[in-house]
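Undergrad: The structure is given below, and queries will be raised subsequently.
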Amino acid sequence: MRRVITFGTFDLFHVGHLRILERSKQKGDYLIVGISTDALNYSKKQKNPIYSQEERMDIINALKVVDEVFFEESLELKGEYIKKYNADVLVMGDDWAGRFDMFKELCEVVYLPRTPSVSTTEIIEIIKK
Ligand code: C2G
């Protein structure tokens, strides 16, 4: 069985999120998703997600393509998570291209193109107007 791992915040869940999870699942048989905690998100982006980490986790966990979820507490722990969850493949969107190449010694590393014209930031801007 090929185990796939991916990570993300998945705030204001949208079709770009769905597509990357579907395409991640196609790389193997079992999909594990690390959900960025609110604290990690704040440290990366200096703002809090709209949905709490528990809500974001519940949404991702309810998806048919997702087999297991956990909280990603720190970017530095990625190697530990890959080992802990026995991942054969790490999938990330290509906004992260090259950033996780050091994990190629632990598993296959794949960057998939982002779905064009949809993002959480853009959704927030459209609603504000
Ligand atoms: N994504 C996508 N297409 C979009 C928007 C997002 O394919 N239009 C992908 C991103 O490339 C990422 C995943 O959806 O792989 C989750 O996106 P974010 O919630 O923005 O994740 P991010 O905050 O970048 O967190 O350890 C890394 C981080 O946890 C990734």
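The values are calculated or read from the model by the stated rules, or taken from the named source; none is laboratory data. Owing to the predicted nature of the structure, the values given are computational and were not obtained by experimental measurement. Because the Cβ atoms are built from the backbone with ideal geometry, glycine has one as well, and the counts that use them run over all protein chains shown. When the accessible area is computed, the model is the full protein with side chains, heavy atoms only, and any ligands, DNA or RNA have been set aside. Shrake-Rupley method; radii C 1.70, N 1.55, O 1.52, S 1.80 Å.
Undergrad: Determine the share of segment 3-128's accessible area contributed by carbon and sulfur atoms, expressed in whole percent, with a 1.4 angstrom probe.
TA: Of the solvent-accessible surface of segment 3-128, carbon and sulfur hold 51 percent.
Undergrad: Whole number in Å², please: accessible area per residue of segment 3-128, 1.4 Å probe, ligands, DNA and RNA not counted.
TA: Ligands and nucleic acids excluded, the result is 53 Å² per residue.
Undergrad: Over all directions, the average projected area of the alpha-carbon convex hull for segment 62-129 comes to how many nm²?
TA: Computing the convex hull of the Cα atoms and averaging its projections yields 6.3 nm².
Undergrad: Given R₀ = 25 Å, FRET efficiency for Arg99-Gln46 by Cβ-Cβ distance, to 0.05?
TA: Taking R0 as 25 Å, the efficiency between Arg99 and Gln46 is 0.85.
Undergrad: Cβ under 15 Å from Gln46's Cβ, Gln46 left aside: what net charge do those residues give with Lys, Arg +1 and Asp, Glu -1?
TA: Summing Lys and Arg as +1 and Asp and Glu as -1 gives +1.
Undergrad: Rounded to whole Å and sorted largest first, what semi-axes of the equivalent ellipsoid does the C-alpha gyration tensor of the chain yield via the square root of 5 times each eigenvalue?
TA: Working from the Cα gyration tensor, I get semi-axes of 23, 16, 15 Å.
Undergrad: Compute, for segment 3-128, the length of the dipole vector about the Cα centre, with Cβ point charges of +1 (Lys, Arg) and -1 (Asp, Glu) only. Units Debye, rounded to 20.
TA: 240
Undergrad: Using Cα-Cα distances under 8 Å and only pairs 6 or more residues apart, what relative contact order does segment 1-72 have, in percent?
TA: With pairs under 8 Å counted, the relative contact order is 38 percent.
Undergrad: Let me ask something else. So if each residue of separation counts as 0.36 nm, and I subtract the Cα-Cα distance between Ala62 and Lys128, what length gain in nm does that give?
TA: Gain on extension, Ala62 to Lys128, equals 20.9 nm.
Undergrad: Now for a different question. Would you tally the net charge around Arg2, using a Cβ to Cβ cut-off of less than 15 Å, leaving Arg2 out, and scoring K and R as +1, D and E as -1?
TA: With Lys, Arg at +1 and Asp, Glu at -1, the neighbours total -1.
Undergrad: Taking the Cα centre as origin and putting +1 on Lys and Arg beta-carbons and -1 on Asp and Glu beta-carbons, what dipole magnitude results for segment 1-66, to the nearest 20 debye?
TA: Result for segment 1-66 is approximately 380 debye, rounded to the nearest 20.
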